[in-house]
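Undergrad: Have a look at this one.
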Amino acid sequence: MRSRRPHWSVPIVVLAGLLVTVVLFFVVRKSETASFQSRLERDVSNCADALANKVDDTGLVLMALRNHFASSKEVSRGEFAIFTETFLRERADIKALSWNPAVPRGQRVRFEEGGRREAGSGFVLTERDASGVRVPAAERDVYYPVWYIEPMAENGKAIGFDVGSDRVRLAALERARDTGRPTATERIKLVQDRATTYSVLVFHPVYARGLPAGNVAERRMAFQGATVAVLNIEKLLVATFGVAAPFGLDFDLVDLSAPSGEQLLYRWSGRQQGGATWYAPLLPPSRTLVRNIEFCGRRWAMRLSPSRDYLEHNAPVAYWLLLPAGALVSVFLGLYFRGGYAQREELERLVLARTAELRSSEATLRELNGHLEERVKDRTRKLEGAIEALSQAKERAEVANRAKTVFLAHMSHEIRTPLNAILGFSQIALHDATLTSENRHNLEIINRSGEQLLALINDVIEVSRIESGRAALERGVFELPSLLDEVVASFLPEARAKRLQLVHEPAGELLRYAAGDEGKIRHILGDLVGNAVKFTREGAVSVRSRTGTREAGAWLEVEVEDSGCGIAPEDLERIFNAFEQAHLGGADLGGAGLGLAISRQYARLMGGDITVRSTLGQGSCFHLSVPLSHATAQELADALDRRRGAPAAERKPEPGELDQELTRLPPELCRSLVAAARRLDKNSLLELLEPVAQSAPGVARRLKGLAERYRFDLIEELVAQAGAGERQG
């Protein structure tokens, strides 16, 4: 019986393995299919949401144009061109924007006479006959001619065309007039559209100001005309998804409000060229999903289905490998059990032989074990000594680091206090009108040297703060394009002095309002642009910027490229070390080698980085990438309020204009501020103002700004007046 057991065990193991394989196959298949369907639903929703958001943006453009007409007494052709220029430049999907006034039949003659004076002697109201030729408009109660239209170069011939002559256009316009809401037409074929491309017109009604428009009759009485946007469906989709199929999905964009035979607006196909892959029969069947979109009174829908390319890249097929893999494993297990029983007797014999050998070597092992214990104890003692020495060294290093931090903080204060006095007195002396040109020149040298020394001290302190982990990020809202322009503009005089061309070239769309650490971003950009101008003798310095999307967030990408002497390959990483600079053929342009080190640490602190590529003799290109946040509505509103409520430029304040927050400062704090201002101690002033920023932010910003410009006389007068006003009250 024992000799037969291996033969019976083989089929049992194989059958059990196959059964487990089949069950596991169906379980995994169900899980993978559910995961794929969830991913497909998510991609379909993302695709539909992207188009819905783009459509909503188009509605905002129409509302802005309509509000411009509604809020203006009269809009001229030039004003219309200026107002629509930005929209047409940024929105490629909008083919044209126009103003179509309502002209009653009794005013047609006078309107055409005015049109001939403005648009040319041949101006008349026109329509298209059955063959598509422009002819004078027939008699009707009201005309809706195209009067203003942009871009004029492409659409100027449309001026005078009565959109009321077309059934589709007239139906949408009258619905917009009666409802007071923007209304889109069915699909229409324009002259410039391709055979497979359609467009739609969106009418937004404009009513006379001061007249009631609460019901349909009142709206018709107050109706003055409509602003019109011509949207090309293909360009709308390209602007939304780019030139590739969105998420690998095929879809039909249809207008459910149109008749059944005229519902298709555009067919977007992501089909791939070439034959099907060998595993195509294993792919799940394609299914169609529908997402509805409301657009200007019409109900659109997207009928989306995964393309073959989408299925090949996303549909699960790996679970099919479970069947052959499970079968092979089952066979191997059966063979393993069969061989195992055959080896059992041989193993028993070997075990007996090995047991005898082990008994003979047991004594030897006991002896070796005794020696091993002694060696372990010796190594343990050495390891404990090494750990103790390492702990002492770590403690000494921490003590030294704390001492360095305390020393730098103390020395920075001791150095910056007299240095601020030097800078303050030099600034005050420069206001003396009796200075000779030589003395003024010497004072300017003193002031510049002091500023350079103060910047160097601040850089050293900042490196120490970064190394000790005390550098922190400050979140604020700022206007990104203005920041970039200001940084580049600050170096234009230096570039012009060296006859260099310094340009800022936005390489893509820039996020206007961003949230982040504006000060650190400004510091990094100033350091990169300043280095490029400093180390370039001839040629140009180009600054290219854009905001992109990475990891579902906004990122600022800036490249600063110069035509300077370049950097050697072995120096590309060394230049980012503190107190180190690249070898530039013996040229020494000054600096302590801290700028790039601080800038890279700032960038990494914000979650980004700075990289560089360079070619000797041709120039260098530094690339900055940092994440940004979209400013929330509340943050943007607060920032605009602060900007509108910011104090005026430097001027001598009157007692009646003092902030009420300033009059509520404690008397002890007022005396300390006056004393620091009289000592020209800028650092003490800034330290005293730190707690004030929490309770009286307006006062803190105002006094800090004066301290940064060394206007200690204005600080003393402001605080003294506030203290006097409190005592009198």
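The values are calculated or read from the model by the stated rules, or taken from the named source; none is laboratory data. Quick caveat: nothing in here was measured; it's all calculated off a predicted structure. Heads up, the Cβs are rebuilt from the backbone with ideal geometry, glycines too, and the neighbour counts pull from every protein chain shown. Note: areas computed on protein heavy atoms with side chains; ligands, DNA, RNA excluded. Shrake-Rupley method; radii C 1.70, N 1.55, O 1.52, S 1.80 Å.
Undergrad: Search region 151-177 for residues being among the charged types (D, E, K, R) and outside any helix (DSSP H, G or I), and hand back the single one that is surrounded by the most Cβ atoms within 10 Å (Cβ to Cβ). Show your work before the answer.
TA: We begin by selecting, within region 151-177, every residue among the charged types (D, E, K, R); these are 154, 157, 162, 166-167, 169, 174-175, 177.
This time we only want the ones that are outside any helix (DSSP H, G or I), so: 162, 166.
On the way: Asp162: 24, Asp166: 18.
Among them, the one singled out is Asp162.
Undergrad: Within region 115-150, which residues are open to solvent by 40 Å² or more (accessible area, probe 1.4 Å) and among the hydroxyl-bearing types (Ser, Thr, Tyr)?
TA: Ser121, Ser131
Undergrad: Anything in region 246-268 that is open to solvent by less than 20 Å² (accessible area, probe 1.4 Å) and modelled with pLDDT of 85 or more? List them, or say none.
TA: If the condition is that a residue be open to solvent by less than 20 Å² (accessible area, probe 1.4 Å) and modelled with pLDDT of 85 or more, then Leu253, Val254, Asp255, Ala258, Leu265 are the ones that fit.
Undergrad: Can you tell me which of Glu79, Glu118, Glu74 is part of a helix (DSSP H, G or I) and free of Cβ contacts under 8 Å to residues at least 24 places away in the same chain?
TA: Glu79
Undergrad: Just to be sure I understand the filter: pairs with C-beta atoms under 7 Å, separated by 6 or more residues or on different chains, first member in region 195-220 and farther than 21 Å from Val146 by Cβ and small (Gly, Ala, Ser), second member in a helix (DSSP H, G or I) and open to solvent by less than 40 Å² (accessible area, probe 1.4 Å). Which pairs pass?
TA: Taking only residues 6 or more apart or on different chains, the pairs are Ala213/Ala222.
Undergrad: Pick from region 402-445 the residues that are of a type in the set (A, V, I, L, M), in a helix (DSSP H, G or I) and at pLDDT 70 or above: which of them is nearest to Asp713 (Cα to Cα)?
TA: Among residues in region 402-445 that are of a type in the set (A, V, I, L, M), in a helix (DSSP H, G or I) and at pLDDT 70 or above, the one nearest to Asp713 (Cα to Cα) is Ile428.
Undergrad: Select from region 94-112 the residues that are among the charged types (D, E, K, R), under 25 Å from Met221 (Cα atoms) and surrounded by 11 or more Cβ atoms within 10 Å (Cβ to Cβ) and list them in ascending order.
TA: Arg105, Arg108, Glu112 - these are the residues of region 94-112 that are among the charged types (D, E, K, R), under 25 Å from Met221 (Cα atoms) and surrounded by 11 or more Cβ atoms within 10 Å (Cβ to Cβ).
Undergrad: Whether any residue in region 624-647 is at pLDDT 80 or above, touching a helix residue (DSSP H, G or I) at 6+ places or on another chain (Cβ under 7 Å), outside any loop (DSSP other than H, G, I, E, B) and open to solvent by less than 80 Å² (accessible area, probe 1.4 Å) is what I want to check.
TA: The answer is yes; a qualifying residue exists.
Undergrad: Here are the criteria: (1) over 24 Å from Ile188 (Cα atoms); (2) aliphatic (A, V, I, L, M); (3) in contact with a His (Cβ under 7 Å, 6 or more places away or on another chain). Tell me which single one Ala119 does not satisfy.
TA: Ala119 satisfies every listed condition except (3).
Undergrad: Oh, and also: Need the failing condition index for Leu62 against (1) open to solvent by 10 Å² or more (accessible area, probe 1.4 Å); (2) modelled with pLDDT under 85; (3) under 25 Å from Thr183 (Cβ atoms), just the number.
TA: With respect to (1) open to solvent by 10 Å² or more (accessible area, probe 1.4 Å); (2) modelled with pLDDT under 85; (3) under 25 Å from Thr183 (Cβ atoms), Leu62 is out only on (1).
Undergrad: Is there a residue being open to solvent by less than 60 Å² (accessible area, probe 1.4 Å) and either assigned to a strand (DSSP E or B) or touching a Pro at 6+ places or on another chain (Cβ under 7 Å) (or both) anywhere in region 313-331?
TA: So far as region 313-331 goes, yes, one or more of its residues are open to solvent by less than 60 Å² (accessible area, probe 1.4 Å) and either assigned to a strand (DSSP E or B) or touching a Pro at 6+ places or on another chain (Cβ under 7 Å) (or both).
Undergrad: Within region 422-443, restricting attention to residues that are more than 46 Å from the chain's Cα centre (by Cα) and among the β-branched types (Val, Ile, Thr), which residue is surrounded by the most Cβ atoms within 10 Å (Cβ to Cβ)?
TA: Thr436
Undergrad: Taking region 149-172 as the search range and keeping residues that are of a type in the set (A, V, I, L, M) and under 39 Å from the mean Cα position of the chain (by Cα), which one is modelled with the lowest pLDDT?
TA: Ala153
Undergrad: Checking Gly334 against (1) part of a helix (DSSP H, G or I); (2) surrounded by 11 or more Cβ atoms within 10 Å (Cβ to Cβ); (3) under 46 Å from the mean Cα position of the chain (by Cα), only one condition comes out false. Which one?
TA: It is condition (3) that Gly334 fails.
Undergrad: Restricting attention to helices (runs of 4 or more DSSP H) lying wholly within region 446-549, give those where 2 or more residues are closer than 18 Å to Ala603 by Cα and modelled with pLDDT of 85 or more.
TA: Per the criteria, 480-490, 518-534.
Undergrad: May I pose another question? Would region 84-104 turn up any residue that is on the phi > 0 side of the Ramachandran plot and free of Cβ contacts under 8 Å to residues at least 12 places away in the same chain?
TA: So far as region 84-104 goes, no, none of its residues is on the phi > 0 side of the Ramachandran plot and free of Cβ contacts under 8 Å to residues at least 12 places away in the same chain.
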